[in-house]
1. Please give me the summed charge of the neighbours of Asp44: other residues whose Cβ is under 14 Å from its Cβ, Lys and Arg +1, Asp and Glu -1.
2. Once phi is turned into θ = phi - 60°, what whole-Hz ³J(HN,Hα) does the Karplus curve with 6.51, -1.76 and 1.60 give for every residue of region 271-277, x standing for Gly and Pro?
3. Can you compute the charge dipole magnitude of region 54-167 about its Cα centre, using +1 on each Lys and Arg Cβ and -1 on each Asp and Glu Cβ, nothing else charged? Give it in debye, rounded to the nearest 20.
4. Compare the Cα positions of Tyr133, Trp286, Met318 along the charge dipole of the chain (+1 at Cβ of Lys, Arg; -1 at Cβ of Asp, Glu; about the Cα centre) and return the one farthest towards the positive end.
5. If you wrap a convex hull around the alpha carbons of region 13-71, what volume per residue comes out, as a whole number of Å³?
6. What is the ratio of the Cα radius of gyration of region 79-197 to 2.2 N^0.38 Å, with N the residue count, to two decimals?
7. Enter the accessible area per residue of region 246-374 (Å², integer; probe 1.4 Å; all protein chains in place).
8. When the distances between all Cα atoms of region 390-484 are binned every 10 Å from zero, what whole-number percent does each bin get?
Amino acid sequence: MSTVRTRFAPSPTGRMHVGNLRTALYAYLIAKHENGSFMLRIEDTDQERFVDGALDIIYRTLAKTGLVHDEGPDKDGGYGPYVQSERNAQGIYLKYAKQLIEQGDAYYCFCTKERLESLKSNVGEDGKEISVYDKHCLYLSKEEVEAKLAAGEPHVIRFNMPTEGTTTFHDDIYGDITVQNDELDDLILIKSDGYPTYNFANVIDDHLMNITHVVRGNEYLSSSPKYNRIYEAFGWEIPTYVHCPLITNEEHKKLSKRSGHSSYEDLLEQGFLTEAIVNYVALLGWCPQDNREIFSLEELVKEFDYHHMSKSPAVFDMTKLKWMNGEYIKAMDFDKFYEMALPYIQSVIKKDLDLKKIAQMVKTRIEVFPDIPDLIDFFEAVPEYDVAMYTHKKMKTNPEISLEVLNKIIPVLEAHEDYTNDALYELLCGFAKENGYKNGQILWPIRTALSGKQMTPAGATEILEVLGKDESIIRLKAAVEKLS
């Protein structure tokens, strides 16, 4: 069997969409699972959509996610150049388009925009007008074509699709798909600006670069019969097609750039970890046999079998991604976690407190880093709160008991010097036992008085330790005043 060769061929048009990241990941996994090669190719033939800085985003995203390409614009593996505009400058695409013209499989088209507009009559399923070219220029004589070319008339090169019969192509996920040839438009190969279309450049490059498996989104399923016709016209072997299912949002609509979490960089900005994003994206359309969910990239390489991909749309579930991200945060090395959490901690805490202890408190309690400020802002100042918060059925306490407890415990805490968590816990539990209280009747009022919150990332004694004696006593006395 020949070496598996896959490619990721993005257009430099902005941030990397989740769908593009999944295509890159699946292409990488298919190659690496078989000890094959993964290539990066830049498809910049649509010059109008080119965005400055987008190339850097592509390189940065692949580097951060660990999807290291074996060859590409920065690593020539003998199939370069790997940027389509550079390949176009070498005349590669025009050479093959002219070969098709000589074979009678393509032709020059000189139709104006106005004429093409007049062909828009049929209405598509979505209600939009569609244009089917009527092969008008196919019937120009050789002399007419040569005269128009000599006069410098604007033109494109079109592929001459058959109009009768059917074309069948095979996809490894969707199986055999047959289309009527009269549905295949005479697609443009070379545009009037001299650049190849995405459709044509793809076929030429995939063949010349020995790509064995073409991985792409299923929106390209309808174009595949056209690609196959081009392969067949050249007498080339057709690669294995692997079309990935659509990704939708929770409302089952296509994930769009407006959804706020459609790109890799959007997700990073929302506090997600790269490892969790890659892990989650791998499961958008692929199901491991044992229903396991947490995978490192190395484990994905070992386990990924693209034959277990789904045909059904994959739902991008933010709740599931947040859960997964939380699992990665829990498993993180503390020093690395602290480094990433610090900006979020410092955004709300300006006092001289032990920020590492605060980080330890939140590490197992967050799903994304932006969860941190709301969990810890009480360390800076107690928010306004209702005294009803002192009522807790399970702890068998209420505002009256809490007031009584706080009045008794403040002198004890004022006299105590060791403000470490263990010593404080021993002191408070001892006090509860001696005075006939349940532990919760002591700890709940203290925690509420110190934080003003129903939920905190740590218990009363841990909060006492971080705040220190002076600040803790101030807050407890303020709570007595509030309850009085």
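The values are calculated or read from the model by the stated rules, or taken from the named source; none is laboratory data. Everything numeric here is computed off the predicted structure, so don't read it as measured data. Please note: Cβ atoms are built from the backbone with ideal geometry, for glycine as well, and neighbour counts cover all protein chains shown. We work out accessible area using only protein heavy atoms, side chains counted, and drop any ligands, DNA or RNA first. Shrake-Rupley method; radii C 1.70, N 1.55, O 1.52, S 1.80 Å.
1. Around Asp44, the charge tally is -4.
2. x, 8, 8, 4, 4, 5, 4
3. The calculation lands at about 140 debye.
4. Met318
5. Spelled out: Cα convex hull of region 13-71, divided by residues, is 82 Å³.
6. Values: Rg = 16.5 Å, N = 119, 2.2 N^0.38 = 13.5 Å.
That works out to 1.22 for region 79-197.
7. Accessible area per residue: 51 Å².
8. Result returned by the calculation: 17, 58, 25, 0.
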